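A.B. asks: Have a look at this one before I ask anything.
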Amino acid sequence: MIKIGIDIMGGDYAPYSTLEGVLYSLMENKDLYVVATYHKDVDLNDLMKKIFVSSPKRSKIRGFIKNNLWKSRLNFIPCSSYVSMKDKPSNFFKDKDNTLNKIFELLKMKEVDGVVYAGNTGAFLEGSVLIVGRIDNVKRPALLTILPFSNPPIFLLDSGANAECKPEYILQFAIMASTYYKIIVSKTPTVGILNIGNEEIKGNTLTKEANILLKNYIQKNENLFNYIGFVEPYDVVNSKVNIVLADGFSGNIMLKSFESLSEYMMDVLKREFSKGLINKALGLVLRSNFRRLKNFFDYSEYGGAIMLGLKGICIKTHGRANYKAIKNAINFTYKLAKNNIIERIHEQIKSGEVWIT
């Protein structure tokens, strides 16, 4: 049985959508057990009723709720407080009996195999590092996000955990992400540093010094990844690289730019194909094509971002996550736990063959 912890108070649509996502994930994975923390004032029975009523009449989720099929694999833990989306990360530490603190403690004590959270990013970053802890020798954990542009996937890190970085952090990001990639995709990845141009004379001090570190490192560890130097966003969307390295500031801007552009494109298409009878007819004919296009750019399809470099699996999904995104984040965490991803990365690092002295 794989055990996943989730704070159902996290996210813009919490606790309704988070609990709904939990139920759907439990339906799909028969050996999944979920520990859900919630604020003590939330009426769980009322929440279940709302999910039941709002679901389509023929939906399997209604039978799943009505027959209490979730009860043996879902444990609720009440807490006295939770961190809202507007709270400062420091508020996370004021009350130890809060929902986010509790799931991190469960992970630290190995009572769950991984955690999922859709709420306050700052609290997630601080809490995961301070409570769960870093793998030995890891200087800075990084948020690794899967970009929905190709198959096999493209990894971006850091996508928001470290606004300021040192060159050695970028090198460690490459080592951790490459180890992770080889486990998940079973191939040696191509790695590049995000920059304003491909030429070595371009970039700031961080990118130039990190470039030198990676070139020197790969000469002695050529089997870990293929380093191609600097890459631009154009190279990313054209799948010329499997892993994109960046400081958290630049990586987060690129990620949000891609997210915003994909949403804008879909809105434009929707508006254009709602004008006039001919356009509407074409829209109906091409509806399945648009649906595939939307899924291609849909970040909710890819679960969430993993905080790479910690002693446990910590997954952060978008604050605007709906039930589908929550379900996929739990399923993603479930798969990582089932494949012992943290232990395998830790073993690779401890071997001494892929680390920096």
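A.B. asks: Quick one: which of Ile77, Ile103 is of a type in the set (Val, Ile, Thr) and under 29 Å from Tyr180 (Cα atoms)?
C.D. replies: Of the residues listed, the single one that is of a type in the set (Val, Ile, Thr) and under 29 Å from Tyr180 (Cα atoms) is Ile103.
A.B. asks: Report whether or not Ala142 is under 22 Å from Thr333 (Cβ atoms) and either touching a His at 6+ places or on another chain (Cβ under 6 Å) or surrounded by 16 or more Cβ atoms within 10 Å (Cβ to Cβ) (or both).
C.D. replies: Yes, satisfied.
A.B. asks: Tally time: how many residues in region 294-323 are assigned to a helix (DSSP H, G or I) and either modelled with pLDDT of 80 or more or out of contact with any helix residue (DSSP H, G or I) (no Cβ under 8 Å at 6 or more places or on another chain) (or both)?
C.D. replies: The qualifying residues number 2.
A.B. asks: If you go through region 160-187, how many residues are hydroxyl-bearing (Ser, Thr, Tyr) and under 24 Å from Glu126 (Cβ atoms)?
C.D. replies: Summing the residues that are hydroxyl-bearing (Ser, Thr, Tyr) and under 24 Å from Glu126 (Cβ atoms) in region 160-187 gives 2.
The values are calculated or read from the model by the stated rules, or taken from the named source; none is laboratory data. What you see is a predicted model, and the numbers here were worked out from it, not measured in a lab. Methodologically, a virtual Cβ is constructed for each residue, glycine included, from the backbone with ideal geometry; neighbour enumeration extends over all protein chains shown.
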